[in-house]
Protein chains: 2
Amino acid sequence: MTSAEVNTPIRLVIVDDHPVVRDGLRGVFTGDPGFTVLGEAADGTEAIALIEHRGADVVLMDLRMPGMGGVEAIARLRRTAPGVRVLVLTTYDTDADVLAAIEAGATGYLLKDTPREELVRAVRAAHRGDSVLSPSVAGRLMGRVREPVRDVLSHRELEVLRLVADGASNRDAAARLFISEATIKTHLLHIYGKLKVRDRASAVAEGYKRGLLS
Amino acid sequence: MTSAEVNTPIRLVIVDDHPVVRDGLRGVFTGDPGFTVLGEAADGTEAIALIEHRGADVVLMDLRMPGMGGVEAIARLRRTAPGVRVLVLTTYDTDADVLAAIEAGATGYLLKDTPREELVRAVRAAHRGDSVLSPSVAGRLMGRVREPVRDVLSHRELEVLRLVADGASNRDAAARLFISEATIKTHLLHIYGKLKVRDRASAVAEGYKRGLLS
DNA sequence: GCGCCCCTCCACCGATCGGTTGATCAGAGG
DNA sequence: CCTCTGATCAACCGATCGGTGGAGGGGCGC
């Protein structure tokens, strides 16, 4: 570590809807002279207001929060404050969460069971612009590379799957989407292929497992 | 607050698999002379060893942890250390989690978005033996009282639902459970009635929503 | 003992679904 | 321009499912 880093502490903002977690994070970084915690926010809206007003080097961002969620906040910060590195810190590692956050422009993605020291190293790395991933998240991304875009549901397919999960028959779904029943069947067959299942019930189950449904 | 309470601080144990959360919780209570944090644990096994060895007045317990989960740990503590009050502190408020924890013998059930001061009050209340519930958890329990045991799936029904979620046809499920296809259909009809759905796909969805499947 | 619930099983029916093959069209991108 | 993908639709078939109306046995509590 160079003396320059010590002279210019990394300015942090903590975004999480759980007060206890914010306390814990602040405690991790306030004791270290290499960091300055500029402030905290409990949701995306607060976070944006705080960061656009006071700036930041690195933001520790939770994803699932009441009101504006983390993904939306990240996307917004990409446009209004592109120099700010966003490090996602969340409990969930589903495909939908991970991919959405990275596409939105997150610099890294860590799970909340990350040990303190690793968290500190990750924030330093993010400040340098390096990508930081929890092992399980990294594995998820590698799998995504090996298994290309083929098994990602299209927007329309996801709509159909949601309706099916809600109890719609093919006919119901067709009526609700103003298309023919045949098209619903086609979408469903594609869904089965992509999710590697054989019927609507297990498609719904797989949808929940992958975080496509909630 | 009486002077007696100040003289005999409440002995706390913190159980959570996230280091950051443990930090936050410890920070909340170590500054207050009314509490002493005896120790921390990252899963149920560690928690039991710690508490059976060093004792405790109140345990702050997460539910979903690697290895032994919180529910099992609570049940175990009921038998080996019945004087210890267990206060569940978790992110999740699904029916399955809440009911399982309370049945196991938890004194209270709080969500992690609880503010610090409320958390402190809750621990004091739990120490006195009072029940403490987050508002949304309380609502869930009230609903349970109004809507009796009628819509709780039996063990067998849950088995069938799991198989269906895994893609089993009625015939498959029958073969795997060594019973007739007719019985599977009967179970499914009961499941539909209890979950208030009309087909297997939405039954699976409802199963996930209620935390019956994972 | 009686009621209640759970689990088990049967037969029958219409409705729905899964699978196949094949087709048209619009938009994105090389 | 041509290809690829997504979205749309059609006709047909066998398989499966949802619904109904039963029925019997075992366990538990009052």
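All of the numbers you see were taken from the coordinates with simple rules; none came from a lab. What you see is a predicted model; the values in this text were computed from it and never measured. Here Cβ is always computed from backbone atoms with ideal geometry, including for glycine, and neighbour counts include all displayed protein chains.
Explain nothing, just the number: relative contact order of chain B, from Cα pairs under 8 Å at least 6 residues apart, as a whole percent.
RCO, chain B: 14 percent.
Only helices enter this figure: runs of n ≥ 4 DSSP H residues, each worth -39500 (n - 2.57), summed and divided by the residues of the protein assembly as shown, yield -16500 deg cm²/dmol at 222 nm to the nearest 500. For the listed residue pairs A:Lys194/B:Lys112; A:Lys194/B:Lys209; A:Lys112/A:Lys185, the alpha carbons are over 30 angstrom apart in A:Lys194/B:Lys112; A:Lys112/A:Lys185. Charge dipole (Cα centre; +1 on Lys/Arg Cβ, -1 on Asp/Glu Cβ; no other charges) of chain A amounts to roughly 640 debye.
Once you have the Kirkwood Rh of chain B from its Cα pairs, apply Stokes-Einstein at 10 °C and 1.306 mPa s and quote D in µm²/s.
For these conditions, the coefficient is 84 µm²/s.
Over the range A:31-110, the ratio between the Cα radius of gyration and 2.2 N^0.38 Å evaluates to 1.03. Please build a GNM for chain A, connecting alpha carbons under 10 Å apart, and tell me which residue among A:Thr107, A:Thr90, A:Thr183 fluctuates the most. Most flexible of the set in this elastic network: A:Thr183. When chain A is treated as a GNM with alpha-carbon contacts under 10 Å, the residue of A:Tyr192, A:Tyr109, A:Tyr92 showing the greatest mean-square fluctuation is A:Tyr192. Mind pulling the angle between the C-alpha long axis of helix B:19-30 and the longest principal axis of chain B? Nearest 10 degrees, somewhere in 0 to 90. Its long axis makes an angle of about 40 degrees. Take each residue of peptide B:110-122, count the partner chain Cβ atoms within 10 Å of its Cβ, and average: the result is 2.
Can you give the mean number of other chain Cβ atoms that lie within 10 Å of the Cβ atoms in peptide A:163-169? Walk me through the intermediate numbers first.
Working: counts 2, 5, 7, 5, 10, 4, 3.
That works out to 5 on average.
Using 0.36 nm per residue and subtracting the Cα-Cα separation, the extra length available between A:Ser214 and A:Thr8 on full extension is 69.9 nm.
Placing +1 on each Lys and Arg Cβ and -1 on each Asp and Glu Cβ, with no other charges, gives the range B:1-89 a dipole about its Cα centre of roughly 260 debye. Dipole of the protein assembly as shown computed with +1 at Lys/Arg Cβ and -1 at Asp/Glu Cβ about the Cα centre; of A:Gly108, B:His187, B:Leu87, farthest Cα towards the positive end is B:His187.
Seen from all directions on average, the protein assembly as shown presents a Cα convex hull projection of 24.9 nm². With both labels modelled 7 Å from their Cα along Cα-to-Cβ, the B:Arg79 to A:Arg121 distance reads 4.1 nm.
Averaged over residues, the count of other Cβ atoms within 10 Å places the peptides A:54-67, B:119-132 in the sequence A:54-67, B:119-132, highest first.
The charge dipole of the protein assembly as shown, taken about its Cα centre with unit charges on the Cβ of Lys, Arg, Asp and Glu (plus for the first two, minus for the last two), comes to roughly 1020 debye. Against chain B, whose longest principal axis is taken from its Cα atoms, helix B:95-104 shows a tilt of about 60°.
In this structure the amide hydrogen of A:Leu133, modeled in the peptide plane, comes within under 5 Å of the amide hydrogens of A:Tyr109, none closer than 5 places in sequence on its chain. As a calculated quantity, the FRET efficiency between A:Arg176 and A:Arg64 at R0 = 22 Å, using C-beta atoms, amounts to about 0.20.
Peptide B:11-21 has a mean shielding of 5, counted as Cβ atoms of other protein chains within 10 Å of each residue's Cβ.
Measuring from the axis that maps chain A onto chain B, the chain A residue with the nearest beta carbon and its rounded distance in angstrom come out as A:Gly24, 1.
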